[in-house]
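J.: For reference, the structure I am asking about is given below.
The values are calculated or read from the model by the stated rules, or taken from the named source; none is laboratory data. This structure is a prediction, so every number in the text was calculated from the model and none was measured. Methodologically, a virtual Cβ is constructed for each residue, glycine included, from the backbone with ideal geometry; neighbour enumeration extends over all protein chains shown.
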Amino acid sequence: MIALIILVVVAIYFVITYNSLVGIKHNVEKAWANIDVLLKQRHDELPKLIDTCKQYMKHEQDTLEKVIQARSRVSEARETHNLTALGGAESALRTGLGQLFAIAESYPELKTNEQFLHLQTRISGLENAIADRREFYNDSANINNVRIEQFPDLVVAKMFNFKAADLLKFAAEELKDIDISQRFNG
């Protein structure tokens, strides 16, 4: 009788733990899907911004090319779910966009262009949303990783082949202090 009670308790524990780990795994996937949607939206908006800027920035091809190349690398990393490459590509894209917006300050006609202003606001909003979602994704991935390594949950995780989730890491450039005076003097 005692053996049967212990067996039932162990079975209930395994079921509860398994279901909890499945829920956590799906939260990680959902968090990634949320980032993916925002990256896709930004990916679709960038050509419009570049086309608008090209009309005014005849001498700034290098900056526009950097943004185009970074956009391509972000897209490739997003499609392959390569979080390491995505972190670096995201940094390059943010740097390129920062330079593009700074250069745009030198073009009064562009600064007052309604489409440019709309796209600048839209892309800035997407950047903020992506940053929020990256934080949520990393929190979800961390919860997953901790749970599948904790005893006794790791027994169930190993039995059913639960995997650790990669964190979306920031490139070293994103962690450096920003020299604001350089932005005003540029």
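J.: Those residues that are among the small types (Gly, Ala, Ser) and exposed (fewer than 14 other Cβ atoms within 10 Å of the Cβ), I need them from segment 136-157; list them, please. Explain how you work it out, then say what you get.
T.: If we filter segment 136-157 for residues that are among the small types (Gly, Ala, Ser), which is where we start, we get 140-141, 157.
The answer is none; no residue qualifies.
J.: Let me ask something additional. State whether one or more residues within segment 71-82 are aliphatic (A, V, I, L, M) and either touching a His at 6+ places or on another chain (Cβ under 8 Å) or modelled with pLDDT of 95 or more (or both).
T.: Yes, some residue in segment 71-82 is aliphatic (A, V, I, L, M) and either touching a His at 6+ places or on another chain (Cβ under 8 Å) or modelled with pLDDT of 95 or more (or both).
J.: Taking only pairs six or more apart or across chains, which ones have beta-carbon atoms under 8 Å, a first residue in segment 10-31 that is under 13 Å from ARG147 (Cα atoms) and in contact (Cβ under 8 Å) with a residue 60 or more places away in the chain, and a second residue that is of a type in the set (Lys, Arg) and assigned to a helix (DSSP H, G or I)?
T.: Here the result reads SER20/ARG147; LEU21/ARG147; ILE24/ARG147, each pair linking segment 10-31 to a residue that is of a type in the set (Lys, Arg) and assigned to a helix (DSSP H, G or I).
J.: Right, next: Please go through segment 51-62 and give me each residue that is part of a helix (DSSP H, G or I) and surrounded by fewer than 18 Cβ atoms within 10 Å (Cβ to Cβ), ordered by number.
T.: Here is the first cut: in segment 51-62, the ones part of a helix (DSSP H, G or I) are 51-54, 61-62.
Scanning segment 51-62 gives ASP51, LYS54, GLN61, ASP62.
J.: Restricting attention to segment 104-116, which residues are exposed (fewer than 14 other Cβ atoms within 10 Å of the Cβ), under 11 Å from THR52 (Cβ atoms) and not charged (D, E, K, R)?
T.: GLN115
J.: Have a look at ARG94, ARG122, ARG133, ARG71 and point out the one that is surrounded by 14 or more Cβ atoms within 10 Å (Cβ to Cβ) and touching a Pro at 6+ places or on another chain (Cβ under 9 Å).
T.: ARG71
J.: Out of LEU21, LEU46, LEU38, which single residue is among the aliphatic types (A, V, I, L, M) and under 26 Å from ASP153 (Cα atoms)? Outline the logic, then answer.
T.: Numbers: LEU46 fails: under 26 Å from ASP153 (Cα atoms); LEU38 fails: under 26 Å from ASP153 (Cα atoms).
Residue meeting the stated conditions: LEU21.
J.: Right, next: Filter segment 89-128 down to the residues that are among the hydroxyl-bearing types (Ser, Thr, Tyr) and within 22 Å of ARG78 (Cα to Cα) and list them by number.
T.: SER91, THR95, SER124
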